[in-house]
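As structure tokens, the structure follows; a few thoughts come after it.
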Amino acid sequence: MENAILVLLPNKPFLGNQITQIPFFEEIKGNKKIITVGTKKSYFVIKNLGYIDLAFEYRKKSFLDLFKIIKKIKKDYNVTEVYNFRYRSIRISFILALFFRNITGYLNKRKNPLSIFYKKKKIFNKKEYIAHNYLKLCDGKLEEYYLENVRRKKSISIIPGGSNDFKKYPLSKYLKVVREFENDYEINFILGNDMLKEQEELKPYKEKYNLVIGEKLDKLRMLLQETSLVISNDCGPSHFAHIYNTPRISLFAGNTNPREWFNKTDKSILLESSNRDNIDSIREEDIIISARKILNR
């Protein structure tokens, strides 16, 4: 029977959340098959990048679906380790406990009834960057994945995306920022295939700047590892910069508690607006000053 590691994925089918899981999967990869169980679209990034061998999908609220999948995995594989990212779900912990004894999971409070199901217990800290929390499960350290000696290209990469409009800093203001650097740095604008409005707005600049549209994840990761500076909204691709510690400036709407989604290091600068609905009030001058500070180090 083949040895395997089982990971119960969080019910967060977002690009950024999955990117922050990459160091965890880097840490556990080896000579064992990695199997994940998750809801729809919760594994497309880590599957695409080759971190998992087998992915099972279950319906979000189906106890029976999940029970059958876990039972099949138990029957077909010698599961040596189980990692449960779902710290709030007693149902999932209960099903796992029926089949396994070697479970590592989270407690959102130190006194939590879920502790009876776990061999190892970790505290999920919402005041800490989420990639640190994921790595806790396997006793990994995010700092070990920082690319300190990479040869950086003389480029600045702008990521103006965001899952909600309140997260999006105006493209017109980004354009004002990059004008200060375009003579000395190559400028990349990173856009998703669905960002049709932004693509149209940037058309007049396609000869001047690099419009990176719908790039494959492995190539996008490399681009953001090697660039001199990333300036971005709170959005999925920005987390490549966070987990590898690429020099970066993150623009957040105020009152959104960025601590879970911003990795504070000596190479990162956070700029916040005064409230949730006025991200456009972040001054271009402050971004330019921050960019010069990072680039001149």
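Among the residues of the stretch 203-251, those that are among the charged types (D, E, K, R), over 22 Å from L49 (Cα atoms), more than 16 Å from the chain's Cα centre (by Cα) and not in a helix (DSSP H, G or I) comprise K206, E207, K208.
Hey, any hits in the stretch 116-124 for a residue that's in a helix (DSSP H, G or I), out of contact with any Phe, Trp or Tyr (no Cβ under 9 Å at 6 or more places or on another chain) and closer than 24 Å to D139 by Cβ? Looking for residues that are in a helix (DSSP H, G or I), out of contact with any Phe, Trp or Tyr (no Cβ under 9 Å at 6 or more places or on another chain) and closer than 24 Å to D139 by Cβ, one finds at least one in the stretch 116-124, hence yes. Within the stretch 273-297, being outside any loop (DSSP other than H, G, I, E, B), open to solvent by less than 90 Å² (accessible area, probe 1.4 Å) and out of contact with any Pro (no Cβ under 6 Å at 6 or more places or on another chain) holds for I279, S281, E284, D286, I287, I288, S290, A291, L295. Each residue in the stretch 178-207 was checked for being surrounded by fewer than 12 Cβ atoms within 10 Å (Cβ to Cβ) and touching a residue at least 24 places away in the same chain (Cβ under 8 Å), and 1 of them qualify. Among the residues of the stretch 119-133, the ones that are in contact (Cβ under 8 Å) with a residue 60 or more places away in the chain and touching an Asp or Glu at 6+ places or on another chain (Cβ under 9 Å) come to 5 in all.
Okay, residues lined up against (1) open to solvent by 70 Å² or more (accessible area, probe 1.4 Å); (2) within 25 Å of the chain's Cα centre (by Cα):
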site: Y58; (1), (2): no, yes
site: V79; (1), (2): no, no
site: S89; (1), (2): no, yes
site: S93; (1), (2): no, yes
site: T104; (1), (2): no, yes
site: K121; (1), (2): yes, yes
site: N125; (1), (2): no, yes
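Each residue in the stretch 1-17 was checked for being free of Cβ contacts under 8 Å to residues at least 40 places away in the same chain and either out of contact with any Lys or Arg (no Cβ under 7 Å at 6 or more places or on another chain) or assigned to a strand (DSSP E or B) (or both), and 1 pass. Just one of the listed residues (N245, N263) is buried (at least 21 other Cβ atoms within 10 Å of the Cβ), of a type in the set (S, T, N, Q) and over 18 Å from K176 (Cα atoms), and it is N263. Pairs meeting the criteria (first residue in the stretch 44-71 and within 16 Å of Q21 (Cβ to Cβ), second residue in a helix (DSSP H, G or I) and open to solvent by 30 Å² or more (accessible area, probe 1.4 Å), beta carbons under 6 Å, at least 6 apart or on different chains) are A55/K47.
Annotation: F25 fulfils all but one of (1) more than 22 Å from Y118 (Cα to Cα); (2) among the aromatic types (F, W, Y); (3) in contact with a Phe, Trp or Tyr (Cβ under 8 Å, 6 or more places away or on another chain); the unmet one is (1). Checked against the criteria, I231 counts as crowded, with 20+ Cβ neighbours inside 10 Å, at pLDDT 95 or above and over 23 Å from F25 (Cβ atoms).
It is to be established whether one or more residues within the stretch 143-155 are closer than 27 Å to E128 by Cβ, of a type in the set (A, V, I, L, M) and touching a helix residue (DSSP H, G or I) at 6+ places or on another chain (Cβ under 9 Å). Yes, the stretch 143-155 contains at least one residue that is closer than 27 Å to E128 by Cβ, of a type in the set (A, V, I, L, M) and touching a helix residue (DSSP H, G or I) at 6+ places or on another chain (Cβ under 9 Å). For first residues located in the stretch 76-101 and in a helix (DSSP H, G or I), partners that are modelled with pLDDT of 90 or more and acidic (D, E) and lie 6+ apart or on another chain with Cβ distances below 9 Å form the pairs D76/E2. For the stretch 25-55, a residue qualifies if it is of a type in the set (S, T, N, Q), in contact with a Leu (Cβ under 9 Å, 6 or more places away or on another chain) and not in a helix (DSSP H, G or I), and the qualifying residues are T36, T39, S42.
In the set Y174, Y169, Y146, only one residue is among the aromatic types (F, W, Y) and out of contact with any strand residue (DSSP E or B) (no Cβ under 6 Å at 6 or more places or on another chain); that residue is Y146.
Each residue in the stretch 154-182 was checked for being under 20 Å from L223 (Cα atoms), modelled with pLDDT of 95 or more and not aliphatic (A, V, I, L, M), and 7 of them qualify. Say whether the condition of being open to solvent by less than 60 Å² (accessible area, probe 1.4 Å), at pLDDT 90 or above and touching a Leu at 6+ places or on another chain (Cβ under 8 Å) is met by at least one residue in the stretch 146-153. No: zero hits.
The values are calculated or read from the model by the stated rules, or taken from the named source; none is laboratory data. This structure is a prediction, so every number in the text was calculated from the model and none was measured. Don't worry about glycine lacking a Cβ; one is built from the backbone with ideal geometry, like all the others, and counts go over all protein chains shown. These accessible areas exclude ligands, DNA and RNA; they are computed on the full protein's heavy atoms, side chains included. Shrake-Rupley method; radii C 1.70, N 1.55, O 1.52, S 1.80 Å.
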